[in-house]
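Input: a single structure, listed below in structure tokens.
The values are calculated or read from the model by the stated rules, or taken from the named source; none is laboratory data. What you see is a predicted model; the values in this text were computed from it and never measured. Reconstructed Cβ throughout: ideal geometry from the backbone, glycine too, with neighbour counts over all protein chains shown. Calculation scope for accessible area: heavy atoms of the full protein, side chains included, ligands and nucleic acids excluded. Shrake-Rupley method; radii C 1.70, N 1.55, O 1.52, S 1.80 Å.
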Amino acid sequence: MSELGLRRKSSAQLEVMQKAGWKIDGDEKACYIDVDEDEDQDTENMIESNWRYLPDLVLEQIFTYLTPKERYYAGLVCRQWYRAFYLPTVWNNFLVDDRTLTKPKFNYYSGWQFCLDHMRTQFCLSRIGRYVRGIEFRPWHSFNNIFQFMTMLTWNIDKGREVNPDTQFIGIGSRIRTLVYHFPCNMSQPNDPEGIKLFGTGGQLLRVLKELLLRLTDLHTLKLVDFVLERYEANHLLDEVVCSCCTKMRVLNLVNVTTMHCPIMHVGLFLNLQVLTISPQNIDDDVLSLLADTKLRHLHLLQNCYTPSHLTISACGAKAWRNVKKTNPRLRVHLRLENLTDGEVVLQPEAPVHSITYCAPQTRIRAELLVRIVDHYRSTLAVYGHELLPRFTSPKPFHSRIDSLMLLMCRQCFNVDTLIIREKVSTSTLLLIAQTAKNLQHLHVRRFAVILRCDWPRHPEWSNEFYAWLKRNSRSYEAVEREISQILGYKWRLLSDRDFKQLTVNVKSGA
């Protein structure tokens with residue numbers, strides 16, 4: 001055989017070997033797999049025909065589930081996916097945490113640590129910085145990485161606004177409309193007997209954040225959660241934001257800016273603000289007087305596990321709330337508690353409260369508090385409920401349960417349209433609630449907490465037919481579901497514990 005023929009034969013064998021490979025079978029033994037050339041070519045053609053022509057809407061949805069690194073590698077698949085890498089919805093949110101754009105570096109005292117890779121960060125900002133619409137900071141331990149990232153982003157924005165800037169800096173940060181910063185203020189260890197040790201942000205980290213906020217002139221949504229600042233720092237937290245976007249801000253979330261009483265007056269200077277979430281210790285009568293002159297539609301008073309006890313927080317005055325209702329009649333107030341331990345919401349007398357919700361597994365429904373809620377908000381309350389499964393035992397006797405309290409709320413608060421019940425009630429109580437609450441649309445009840453019983457004493461106003469209907473349909477879950485479905489106008493069912501844990505209250509506020 002000639003030398004040319006040997007070369008052709010060896011190149012063909014090499015090409016076949018490159019298409020073959022080793023694989024571990026079910027018995028964990030290595031076996032050699034020879035890939036047929038025709039089948040491989042057909043498979044390749046099939047993959048191209050199935051994936052390269054996906055619609056942009058589908059590609060955008062797929063890319064949103066990927067991390068920035070995974071998006072980069074997906075963009076190398078084909079020209080269509082490379083174009084999808086720069087679609088607007090893909091970069092609606094850019095998450096920055098301890099591992100974002102970092103590289104491992106050995107420290108003699110601390111061992112291996114992840115430090116920000118400045119070259120990768122600069123390359124990333126120059127490539128996709130002009131497409132990012134939302135940025136979210138979630139540090140856990142490495143605050144220095146977040147500090148350096150915000151410093152580099154601020155520097156790139158400044159370079160892009162210079163006269164005749166370099167093309168790689170043009171437009172960086174110009175499309176950012178949302179900024180979210182969750183600060184891990186609890187620095188306690190898992191084996192710490194005290195449980196919670198709060199340390200707020202501040203100093204150089206707060207300074208760099210404020211410099212970045214000054215340069216984001218088109219912010220529509222700003223969420224600063226659990227900063228736990230000192231009073232002198234909290235009073236100037238939003239100075240730069242008011243200067244840059246006082247007329248553009250639509251959603252503002254300030255949770256636990258401080259742990260002591262410290263009104264944040266700046267929130268009343270955003271004239272077109274629609275949704276405000278704030279902790280009750282950071283609002284007072286003066287703040288309400290400023291909010292009355294804005295276009296605010298939803299005011300969320302949120303308490304979480306780092307908020308001081310409700311016994312130490314003073315409610316706003318009734319006169320201030322009456323002035324707000326007169327000046328801004330479309331305002332809705334939402335009270336919410338998110339805590340793993342027992343607690344109560346801070347009631348605001350005379351406030352136009354639309355919803356009261358709990359995300360606290362150890363909080364019970366207390367009779368005295370529910371009576372106060374009915375007295376204060378009988379004409380405005382529309383949503384009431386407790387999320388998550390309870391971590392306490394509900395009593396079984398009728399006089400110790402919440403049946404009469406729930407029915408009292410449905411009778412007095414005629415605007416209730418959403419009710420969430422997780423404690424023990426009887427089937428007859430559910431039927432009475434569905435009959436009494438005329439505006440009820442959403443009734444969420446745990447099946448495990450429902451008792452098959454008609455234990456209500458007969459009311460003098462009940463007819464014989466109604467009482468017979470109540471007793472007959474209280475004997476089975478199927479009958480209760482059937483009758484409530486007819487009353488509500490859609491197929492209603494009791495929720496399993498698994499479905500109840502996934503339940504979240506929709507307050508229709510856009511928050």
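What's the extension gain from Phe466 to Ala479 if we count 0.36 nm per residue and subtract their Cα-Cα distance?
Details: separation 13, 0.36 × 13 = 4.68 nm, distance 1.50 nm.
Using 0.36 nm per residue and subtracting the Cα-Cα distance, I get 3.2 nm.
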Take Val58 and Thr221, extend 7 Å from each Cα along the Cα→Cβ direction, and tell me the distance between the two endpoints in nm. 2.7
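Show Ile484, Ile62 ordered by accessible area, largest first, where the area counts protein heavy atoms only and the probe is 1.4 Å. Before the final figure, lay out the partial values.
On the way: Ile484 0, Ile62 65 Å².
If we order Ile484, Ile62 from most to least accessible, we get Ile62, Ile484.
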Show me, for the stretch 155-165, the HN-Hα J-couplings you get by feeding each phi into the Karplus relation (A = 6.51, B = -1.76, C = 1.60, θ = phi - 60°), rounded to Hz, glycine and proline as x. 5, 5, 5, 5, 5, x, 9, 6, 6, 6, x
How much accessible surface area, in Å² rounded to 10, belongs to the heavy atoms of Arg458 with a 1.4 Å probe? 120
Using the Kirkwood radius over Cα pairs of the chain, the Stokes-Einstein translational diffusion coefficient at 4 °C and 1.567 mPa s, in µm²/s and rounded to a whole number, is 47
Just report the Cα centroid separation between the stretch 334-400 and the stretch 430-489, whole Å. 22
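Considering only DSSP beta bridges whose two residues both sit in the chain, what percent are antiparallel, to the nearest 5? Present the calculation step by step, with values, prior to reporting the outcome.
Numbers: 11 of 62 bridges.
Percentage antiparallel, nearest 5: 20.
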Sum of side-chain charges, Thr151 neighbourhood, beta-carbon under 15 Å (Lys, Arg +1; Asp, Glu -1): +1
In Å², nearest 10: area of Phe114 left accessible to a 1.4 Å probe: 80
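Estimate the FRET efficiency between Thr327 and Val242 by the formula 1/(1 + (r/R0)^6), using the beta-carbon distance for r and 22 Å for R0, to the nearest 0.05. All intermediate terms of the calculation are to be shown ahead of the outcome.
Details: r = 21 Å, r/R0 = 0.96.
Working from the Cβ atoms, E equals 0.55.
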Kindly write out, for the stretch 62-75 in residue order, the coupling ³J(HN,Hα) from the Karplus curve 6.51 cos²θ - 1.76 cosθ + 1.60 (θ = phi - 60°), rounded to whole Hz, with x marking Gly and Pro. 5, 5, 5, 7, 9, 6, x, 5, 5, 5, 4, 5, 5, x
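In what order, largest first, do Ser394, Ser110 sit by accessible area if the probe radius is 1.4 Å? If you can, show how the numbers build up before the last one.
Numbers: Ser394 15, Ser110 75 Å².
Sorted descending by solvent-accessible area, the residues read Ser110, Ser394.
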Would you tally the net charge around His399, using a Cβ to Cβ cut-off of less than 13 Å, leaving His399 out, and scoring K and R as +1, D and E as -1? +1
Quick query: amide H of Ser426 versus all other amide H atoms, modeled in the peptide plane; which residues come in under 5 Å with a sequence gap of 5 or more or a different chain? Ile451
At a 1.4 Å probe radius, which order do His444, His376 fall into by accessible area, largest first? His376, His444
Under-5 Å amide H pairs with Phe94, H placed in peptide plane, nonlocal only: Gly134, Ile135, Glu136
In order over the stretch 266-271: 3J(HN,Hα) from phi, Karplus 6.51/-1.76/1.60, θ = phi - 60°, whole Hz, x for each Gly or Pro, gives 4, 5, x, 9, 8, 5
A chain fully extended from Asp285 to Tyr108 at 0.36 nm per residue, minus the present Cα-Cα distance, gains in nm 58.3 nm
Using amide H atoms built in the peptide plane, which far-off residues or other-chain residues are under 5 Å from Gln362 H to H? Arg391
What full-extension length gain, to one decimal in nm, is calculated for His261 and Ile170 as 0.36 nm per residue of separation minus the Cα-Cα distance? 28.4 nm
Over the Cα atoms of the stretch 352-510, what radius of gyration and what Dmax do you get, in Å? 14.9, 47
Positive minus negative residues near Glu350 (Lys, Arg vs Asp, Glu; Cβ under 15 Å): +4
